[in-house]
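Here's the structure we're looking at; comments come further down.
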Amino acid sequence: MAIYHLSAQIISRSAGPSSVAAAAYRAGERLEDERTGLAHDYGRRQDIEGWVQAPPDAPDWAYDRQALWNQVEATERRRDAQLARELNVALPVELDREQQQAALWDYVQAHFVDRGMIADVNLHHGDPENPHAHILLTMREVGPDGFGPKAREWNDRALLGEWRAGWADRINDTLEQAGRDERIDHRSLGDQGLDRLPTIHEGPNVREMEARGIATERGDWNRAVAEYERLGAELATVGAAREAATTARSQERARSHAERAIGERAADWERGGFSPAASRALAGFEHERGHPFHTRDEARDAIDHHAARLNSQGQRLFDEHQALDRAAQARRDYAEATARAARQEGRSAALHRLLSPQAREDYRWARDHLAMAAHHLRASGGDDPATLARREATLTRSREDQARDRAAFAPLEQARGEIARAEAAERRAARERAGDRDRGDDWGR
């Protein structure tokens, strides 16, 4: 199943490694640190794909990894300077390489580059069961003339919460577009209302030790959690089976009692001149309402009210279906606009110095179109895939319920017709009796 993981840390000079060393390791390259004169060579790694994303007005050196991080080192003078921010995110194994890259690009662009950061992004695929990405972010605003002052607002914990939620939203959108049912959630198990024990992220070192047969505390804890969850699932299965059996017996007794009551009342309606089908429908309708009808007029009025309710429900379901169609179309428009904007954005980020005025205009148009699509998506209520899926499932169940209600209403419609015919017959009989009395009076005179 898809898992959620996003951890953040600050790379500082006081902790030991330079930003050049950190970038070399995460990118699997050989980079030279001009400040210390040391070379950091990790070029033997073949399981890494990376790129640099930067704001459109960033200098050309921003796209050169070695030049970028040496510039960071040259800009920071303090011995305890904060050099970079790193985010480590887990990539769902349910997505292929291209889908993972596209989701990562969109996420980094929306949450970091658009704020003015330069992002050094590297995907690690060495462990097929643990694909993940490292995102190294600059701490200072960048412009055509290079780095400016540090943006202290980027250290706000509320902003980290926004980044965590944004990663879950981006991955869930990608999973939905890929036709997958899995979803991830950035919230804790407690905030999700789930009574489960949390596992601990093991990381590459723990995984390597476990693979060599060396037990670790994290591995032991995760195994204990897995066993706890297995036992809990077995107990829940047994409890659910027992509860289902008890509920089934109670429901069977209630059905038997209702069947006897409805049968007895249907016999009363048949003695009143109604057909067996109409009598059965009237008796069931009475049982559903909780009290009998004392006159034909009362029964007819109740049936009319029920028909009006069914018609109102049908209109409401039709309106909800139309709203869901609009939300689904908004999601498709947003996905198309996102893909178009990402393609144009990548082209602009990599070749912004060489692009023609028309290409720059195309880039601005793509961004504006994406913003408009996002507005329509929020307005339609389709910006939350889980909520949209729940609405669609509820609508499907409501349609099924209405179809059953419509089918059950057919014999009630028959009963209403029989009531109308009986009333018409009584009116004819009354007119005939009145005519007989008139003729009798004439004969007497």
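Among the residues in segment 120-138, are any surrounded by 15 or more Cβ atoms within 10 Å (Cβ to Cβ), outside the structural domain of ALA339 (by TED's automatic domain parsing) and more than 19 Å from ALA23 (Cα to Cα)?
Step one: of segment 120-138, the residues surrounded by 15 or more Cβ atoms within 10 Å (Cβ to Cβ) are 120-125, 130-138.
From the residues that got through so far, the ones that are outside the structural domain of ALA339 (by TED's automatic domain parsing) too are 120-125, 130-138.
Filter once more, so that each one left must be more than 19 Å from ALA23 (Cα to Cα): 130.
Yes; the residues of segment 120-138 include at least one that is surrounded by 15 or more Cβ atoms within 10 Å (Cβ to Cβ), outside the structural domain of ALA339 (by TED's automatic domain parsing) and more than 19 Å from ALA23 (Cα to Cα).
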Considering residues of segment 391-424 that are of a type in the set (Asp, Glu) and touching a residue at least 24 places away in the same chain (Cβ under 8 Å) only, the residue farthest from ALA307 (Cα to Cα): GLU392
Residues within segment 290-339 that are among the β-branched types (Val, Ile, Thr), in a helix (DSSP H, G or I) and exposed (fewer than 14 other Cβ atoms within 10 Å of the Cβ), tallied: 0
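Would you point out the residue of segment 293-352, among those that are more than 30 Å from ALA266 (Cβ to Cβ) and among the basic types (Lys, Arg), that is modelled with the highest pLDDT? Before the answer, list the steps.
Initial filter on segment 293-352 (more than 30 Å from ALA266 (Cβ to Cβ)): 315-352.
Subsequent filtering for residues that are among the basic types (Lys, Arg) retains 316, 326, 331-332, 340, 343, 347.
Details: ARG316: 81, ARG326: 73, ARG331: 71, ARG332: 72, ARG340: 71, ARG343: 65, ARG347: 55.
Step by step, filter segment 293-352, then rank; the result is ARG316.
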Matching entry among GLY43, GLY50 (being touching a strand residue (DSSP E or B) at 6+ places or on another chain (Cβ under 6 Å), surrounded by 15 or more Cβ atoms within 10 Å (Cβ to Cβ) and either over 28 Å from ILE171 (Cα atoms) or small (Gly, Ala, Ser) (or both)): GLY50
Test set (1) farther than 30 Å from GLU176 by Cα; (2) in contact (Cβ under 8 Å) with a residue 12 or more places away in the chain - GLY290 fails condition number: (2)
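What tally of residues in segment 118-132 results from selecting those that are in contact (Cβ under 8 Å) with a residue 40 or more places away in the chain and assigned to a loop (DSSP other than H, G, I, E, B)? Don't jump to the end; show me each part of the working.
From segment 118-132, those in contact (Cβ under 8 Å) with a residue 40 or more places away in the chain are 118-127, 130-132; that's our starting set.
Filter once more, keeping what is assigned to a loop (DSSP other than H, G, I, E, B): 118, 125-127, 130-131.
Residues in segment 118-132 being in contact (Cβ under 8 Å) with a residue 40 or more places away in the chain and assigned to a loop (DSSP other than H, G, I, E, B): 6 in total.
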Meets criteria (in contact (Cβ under 8 Å) with a residue 12 or more places away in the chain and more than 19 Å from ALA410 (Cβ to Cβ)) for GLU320: yes
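Just name the residue that is farthest from ASP405 (Cα to Cα) out of those in segment 293-315 that are free of Cβ contacts under 8 Å to residues at least 60 places away in the same chain and of a type in the set (S, T, N, Q).
So, considering only residues that are free of Cβ contacts under 8 Å to residues at least 60 places away in the same chain and of a type in the set (S, T, N, Q), the one farthest from ASP405 (Cα to Cα) is THR295.
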Segment 59-113 - residue that is of a type in the set (Lys, Arg) and in contact with a Leu (Cβ under 7 Å, 6 or more places away or on another chain) and, of those, surrounded by the fewest Cβ atoms within 10 Å (Cβ to Cβ): ARG85
In segment 1-34, the residues that are touching a residue at least 24 places away in the same chain (Cβ under 8 Å), of a type outside the set (A, V, I, L, M) and surrounded by 14 or more Cβ atoms within 10 Å (Cβ to Cβ): TYR4, HIS5, SER12, ARG13, SER18, SER19, ARG26, GLY28, GLU29, GLU32, ASP33, GLU34
Exclusive hit being free of Cβ contacts under 8 Å to residues at least 60 places away in the same chain and touching a helix residue (DSSP H, G or I) at 6+ places or on another chain (Cβ under 7 Å), set ARG260, ARG265, ARG255: ARG265
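For segment 268-279, enumerate the residues that are within 51 Å of the chain's Cα centre (by Cα) and surrounded by fewer than 20 Cβ atoms within 10 Å (Cβ to Cβ).
The first filter runs over segment 268-279 and keeps only residues within 51 Å of the chain's Cα centre (by Cα), leaving 276-279.
Passing the criteria: PRO276, ALA277.
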Which listed residue, of ALA67, ALA74, ALA103, is under 20 Å from ASP169 (Cβ atoms), out of contact with any Cys (no Cβ under 6 Å at 6 or more places or on another chain) and assigned to a helix (DSSP H, G or I): ALA103
Conditions (1) modelled with pLDDT of 75 or more; (2) outside the structural domain of ALA102 (by TED's automatic domain parsing); (3) out of contact with any strand residue (DSSP E or B) (no Cβ under 9 Å at 6 or more places or on another chain); (4) surrounded by 12 or more Cβ atoms within 10 Å (Cβ to Cβ): number failed by ALA165: (2)
When residues of segment 186-217 are limited to those that are surrounded by 15 or more Cβ atoms within 10 Å (Cβ to Cβ) and modelled with pLDDT of 80 or more, the one farthest from HIS132 (Cα to Cα): THR216
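The values are calculated or read from the model by the stated rules, or taken from the named source; none is laboratory data. This one's a predicted model, so the numbers in the text were calculated from it and none came from an experiment. Heads up, the Cβs are rebuilt from the backbone with ideal geometry, glycines too, and the neighbour counts pull from every protein chain shown.
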